[in-house]
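**Student:** One structure follows; several queries about it will come next.
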Amino acid sequence: FLDKSDKYDSRDVERLQQDDKWVENYLIWRHDVVDDTLKMIDESFQWRKEYTVNDLSESVLPKWLFEIGALFLHGYDKEGYKLFWFKVKHHTRDPKQQLEKKKLVAFWLEHYAKRDHGKPLTVVFDMAETGISHIDLVFVGFIVNCFTDYYPNFLTKIVIFEMPWIMNAAFKIVKGWLGPDAISMLKFTNKSDVQEYISAEYLPPHMGGTDSFKYSYPPLVDDDFQTPLCENGPITSEDEHESKEEIDADTKEAGDMNEAQNLNQKKMNSIEQISKSEETDKTEVKPKNTKKALTTFKGPLLHISPAEELYFGSKETGEKKCLIVLTNITKNVVAFKVRTTAPEKYRVKPSNSSCEPGTSLDIIVSLHGGFAASLQDRFLIMAAEMDQSSGAGVPELTQFWKEVPRTKVMEHRLRCHVIESSKPSSLTLKDNAFNIPAKTNEDLHIQLTHLLQINRRLEEQMNRCLWFQQLSVVLSLLSVTVAAFCFYLAYAQRS
């Protein structure tokens with residue numbers, strides 16, 4: 001199967017051999033039926049080579065494709081899944097442009113799959129203000145087929161907003177393409193019920209939401225962080241989006257350093273006090289309950305732990321703190337910034353600093369006020385090497401981020417994971433400790449998935465065994481009956 005090098009991109013074949021999660025997604029999407037799974041891999045690999053998926057980038061696609069804003073990633077649904085928008089009113093049928101537009105779809109899907117480790121997407125067909133000229137059933141079918149045939153286990157739902165009545169008959173054809181499993185993922189909505197799936201903060205005003213986001217290109221719009229980078233550094237100012245309360249606290253600290261240092265020697269019970277002590281004295285020993293996350297993202301400049309998710313508690317569990325550990329693996333000082341999609345909720349200490357060569361630095365992320373973490377919240381860590389001659393003070397860092405080219409900036413994103421609990425647990429870390437999840441949570445999820453699959457296979461084997469057992473019993477009864485009947489005939493003849 002893997003020897004057909006002329007049919008597949010060798011990079012895909014290599015990844016298939018090394019990435020167990022990718023293989024697992026194919027199996028899950030095809031219900032553990034091996035033949036169906038192999039068929040899907042074969043078809044998707046041929047498609048990936050045909051569309052040169054591994055080599056798609058902004059530079060190889062026409063700029064106007066990005067400028068029209070028909071396709072882009074922005075926001076999250078209520079379950080924390082990224083939204084893939086198709087603004088149908090910006091799309092027009094044109095057979096000459098069909099291939100390029102299809103490659104744009106493939107570009108976005110591959111771009112996100114690589115960036116966010118294949119976490120599933122929710123597709124939104126925004127059909128408001130559409131007419132006959134915008135309706136392109138072939139293109140819609142292509143988007144649907146990408147998820148059903150080429151990107152396994154990558155679709156959560158398809159939210160269709162205000163579908164025109166003229167499309168009712170056409171979508172019956174689309175349902176035929178989807179198959180029975182995917183049909184259940186179709187959600188037909190309008191202004192009155194779309195918020196069942198997407199909250200108002202990620203819906204534009206014409207859909208009844210409060211999201212003021214306006215698509216524009218460049219830069220490439222693929223996240224919701226406050227400071228996208230252009231070639232000359234951050235577009236927005238150096239405002240770290242701190243609340244007034246935090247700014248006042250920091251000003252007070254600077255004015256009375258001795259008092260703050262004395263506080264460091266005392267036992268701190270509140271989150272705010274711990275945040276202050278960490279900022280004023282980075283060498284302070286952390287509480288005994290602090291744990292380092294075992295998962296690590298190994299970037300070209302920094303190793304970042306945890307690799308993918310920060311674990312916070314719900315309002316019930318009450319965990320309010322997480323730790324991010326940065327390790328500088330270069331021979332130069334590395335400047336870094338931490339951004340969040342919800343700056344009103346979180347305090348990040350430090351959020352704009354530098355890390356010396358070969359050293360590790362702890363970043364404390366804490367919720368403040370009455371806020372609770374959400375699955376939609378994201379964090380972005382940006383890092384770049386500084387010259388040996390550069391200073392690492394606030395003025396030097398400010399100037400550095402204004403001048404650093406985007407191509408030299410490493411970016412890594414972290415998701416939020418909310419731990420739910422129906423009752424208090426004696427094992428839950430309180431506010432004066434750090435809730436740093438280890439690999440255990442991810443391992444449990446993977447193990448549970450495997451256990452469910454094994455359980456399904458065991459059930460099938462048990463059913464087969466029971467069937468054979470029942471068949472054996474029936475055959476045994478028939479044998480006994482035949483033997484008894486033979487004995488009866490023999491006895492009757494003797495009589």
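**Student:** Tell me, in nm to one decimal, what length is gained between TRP165 and SER184 on full extension, where the rule is 0.36 nm per residue of separation less the Cα-Cα distance?
**Tutor:** 4.8 nm
**Student:** If the only charges are +1 at each Lys and Arg Cβ and -1 at each Asp and Glu Cβ, what is the size of the charge dipole of region 297-418 around the Cα centre, to the nearest 20 debye? It would help to have the intermediate numbers written out before the result.
**Tutor:** On the way: 16 positive and 13 negative charges, 46 e Å.
With Lys and Arg at +1 and Asp and Glu at -1, about 220 debye.
**Student:** Using 1/(1 + (r/R0)^6) with R0 = 35 angstrom and r between the beta carbons of LEU38 and HIS90, what's the FRET efficiency to the nearest 0.05? Mind showing how you got there, number by number?
**Tutor:** Details: r = 38 Å, r/R0 = 1.09.
Step by step, r from the Cβ atoms, then E = 0.35.
**Student:** About the Cα centre, and with charges only on the beta carbon of Lys, Arg (+1) and Asp, Glu (-1), how big is the dipole of region 56-207? Nearest 20 debye, please.
**Tutor:** 260 debye
**Student:** What ranking of LYS102, LYS82 comes out by heavy-atom accessible area, probe 1.4 Å, highest first?
**Tutor:** The ranking, largest first, comes out as LYS102, LYS82.
**Student:** Also, quick follow-up: So how do 59-65, 325-331 stack up, highest first, on mean other-Cβ count within 10 Å?
**Tutor:** Highest mean packing first, the order is 325-331, 59-65.
**Student:** Next up: With a cut-off of 8 Å between alpha carbons and a minimum separation of six or more residues, what is the relative contact order of region 297-418 in percent?
**Tutor:** On the way: 261 pairs, mean separation 38.1, N = 122.
Once normalised by length, the contact order is 31 percent.
**Student:** Then there is this: Label points 7 Å out from Cα along the Cβ direction at HIS31 and LYS63: separation in nm?
**Tutor:** 5.0 nm
**Student:** If you don't mind, there's one more thing I want to ask. Using a Förster radius of 56 Å, what is the FRET efficiency between GLN388 and ASP20 based on their Cβ-Cβ separation? Nearest 0.05, please.
**Tutor:** My answer for the efficiency is 0.85.
**Student:** To continue, here is another question. Obtain the nm distance between the two label points defined at LYS172 and LYS191 by a simple spin-label model: each point lies 7 Å from its Cα along the Cα-to-C-beta direction.
**Tutor:** It works out to 3.0 nm between the two label points.
**Student:** Here is a follow-up. Which whole number in µm²/s is D for region 297-418 by Stokes-Einstein, with the Kirkwood Rh taken over Cα pairs at 25 °C and 0.890 mPa s?
**Tutor:** D = 164 µm²/s.
**Student:** On to the next question. Over region 56-207, what is the mean sequence separation of C-alpha contacts under 8 Å (at least six apart), divided by residue count, expressed as relative contact order in percent?
**Tutor:** Here the relative contact order equals 24 percent.
**Student:** Which loop-located GluC sites (Glu not before Pro) does region 77-156 contain, where loop means any DSSP state but H, G, I, E or B and the Cβ has at most 13 other Cβ atoms within 10 Å? Walk me through the numbers before you get to the answer.
**Tutor:** Numbers: sites: GLU79, GLU100, GLU110, GLU129; in loops: GLU79, GLU129.
For GluC sites (Glu not before Pro) across region 77-156 that sit outside H, G, I, E and B with at most 13 neighbouring Cβ atoms in 10 Å, the list reads GLU79, GLU129.
**Student:** Also, quick follow-up: Which residues in region 353-395 have a backbone N closer than 14 Å to a point placed 7 Å from the Cα of ILE329 along the Cα-to-Cβ line?
**Tutor:** 358-360
**Student:** While we're looking at this one, here's another question. Charges at C-beta only: +1 for Lys and Arg, -1 for Asp and Glu. How large is the resulting dipole of region 85-128 about its Cα centre, in Debye rounded to 20?
**Tutor:** The calculation lands at about 80 debye.
**Student:** Answer with one residue from PRO62, ILE198, THR130: the one whose Cα lies farthest towards the positive end of the charge dipole of region 56-207, charges on Cβ with Lys, Arg +1 and Asp, Glu -1.
**Tutor:** Checking the options against the dipole of region 56-207, the answer is PRO62.
The values are calculated or read from the model by the stated rules, or taken from the named source; none is laboratory data. This is a predicted model, so every value here is computed, not measured. Because the Cβ atoms are built from the backbone with ideal geometry, glycine has one as well, and the counts that use them run over all protein chains shown. These area figures cover heavy atoms from the full protein model, side chains too; ligands, DNA and RNA do not enter into them. Shrake-Rupley method; radii C 1.70, N 1.55, O 1.52, S 1.80 Å.
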